[in-house]
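Read the structure below first, then the notes.
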Amino acid sequence: MTMTAQPKQKYSPEEYLQLERAAEYKSEYYRGEIFAMAGASRNHNRIVGNLNGLFYNFLLAKPCNFYPSDMRVHVPANGLYTYPDLLVACGQEEYLDDETDTLLNPKIIIEVLSKSTGSYDRGDKFEMYRSIPTLMEYVLVDSRRVKAEVWRKEEGTWLLAIETNDLESNLELKSIDFTLSLHDVYNNTEGIRFGWD
């Protein structure tokens, strides 16, 4: 008896968007494939919640908006559709279409790292994000230990501007002149490790 692998079904971007807009759960899309997004841990959700509150307070009456994890981002250069944990857009926001649910021009993207997504967020996903012309800063916050990074685009080159595992340190987001306290970012989390191990 011979067994053959079934080919994966491929979807067009239009088919993905039609399915996604009717779905009860979120999925990413890349090169014809749809990937269901996994649930997040308590600490992951606490960190995202803390960030939402901090950005909400800071951006009141400023010409920027922040969006939590339900705002989809499309990267036209490589075809990725994804949902960052938090993003900031400033000035005139650009959307894929009249649905205004797929942003094209984020200025800052923040990803909260988990065990299952950390390598992807730091590697391939960041590489795809870097082709967004408006993106100025990319922030990574670990949900299992105190560790954060701020990557910044300066004169067209991406540089690691901040890397810290000190709970008393700050994350400076120069593109919007905002300083985040790491203590506030990790507030009310449990079992977070300290150090680089």
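The values are calculated or read from the model by the stated rules, or taken from the named source; none is laboratory data. Please read all numbers here as calculations on a predicted model, not as lab measurements. Here Cβ is always computed from backbone atoms with ideal geometry, including for glycine, and neighbour counts include all displayed protein chains. The protein model used for the area step is the full one, side chains on, heavy atoms only, and it has no ligands, DNA or RNA in it. Shrake-Rupley method; radii C 1.70, N 1.55, O 1.52, S 1.80 Å.
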**Fill in**
Computed about the Cα centre, the charge dipole of segment 44-142 from +1 Lys/Arg and -1 Asp/Glu charges at the Cβ has a magnitude in debye, to the nearest 20, of 400
**Message:** With +1 assigned to the C-beta of every Lys and Arg and -1 to the C-beta of every Asp and Glu, and no other charges, what is the dipole magnitude of the chain about the Cα centre in debye, to the nearest 20?
**Reply:** 480
**Asked** Computed from these coordinates, which is Cα Rg over 2.2 N^0.38 Å: (1) 1.07; (2) 1.12; (3) 0.99?
**Response** (1)
**Relative contact order, percent, the chain [alpha-carbon distance under 8 Å, six or more residues apart]** = 15
**Prompt:** Using a basic spin-label model with each label point 7 Å from the Cα along Cα→Cβ, how many nm lie between residue 128 and residue 31?
**Reply:** 1.0
**Message:** Can you give me the distance in nm between label points at residue 38 and residue 61, each placed 7 Å from the Cα along the Cα-to-Cβ direction?
**Reply:** 4.4
**Prompt:** Relative to the longest principal Cα axis of the chain, at what angle does helix 42-59 sit, 0 to 90 degrees, rounded to 10?
**Reply:** 70
**Prompt:** How high is the relative contact order of segment 1-118, in percent, counting Cα pairs under 8 Å that sit 6 or more residues apart?
**Reply:** 20
**Prompt:** Which FRET efficiency, nearest 0.05, do residue 104 and residue 18 yield, Cβ-Cβ r, R0 22 Å?
**Reply:** 0.70
**Prompt:** Within a Cβ distance under 13 Å of residue 14, other residues only, what is the Lys/Arg minus Asp/Glu net charge?
**Reply:** -2
**Message:** Restricting to DSSP H runs of at least four residues, report the calculated mean residue ellipticity at 222 nm for the chain, -39500 (n - 2.57) per run over all residues, nearest 500 deg cm²/dmol.
**Reply:** -6000 deg cm²/dmol
**Asked** If you roll a 1.4 Å probe over the chain with all protein chains in place, what percent of the accessible area is carbon or sulfur?
**Response** 49
**Request:** Specify which residue in the list 69, 53, 23 is farthest towards the positive end of the charge dipole of segment 3-73, using unit charges on the beta carbon of Lys, Arg (+1) and Asp, Glu (-1), about the Cα centre.
**Result:** 53
**Asked** Can you count the Lys pairs in segment 1-148 with C-alpha separation below 23 Å, eight or more apart or on different chains?
**Response** 13
**Message:** For a quick check of your reading of the filter: which chymotrypsin sites (Phe, Trp or Tyr not before Pro) in segment 1-95 sit in a DSSP loop and have no more than 12 other Cβ atoms within 10 Å?
**Reply:** 25
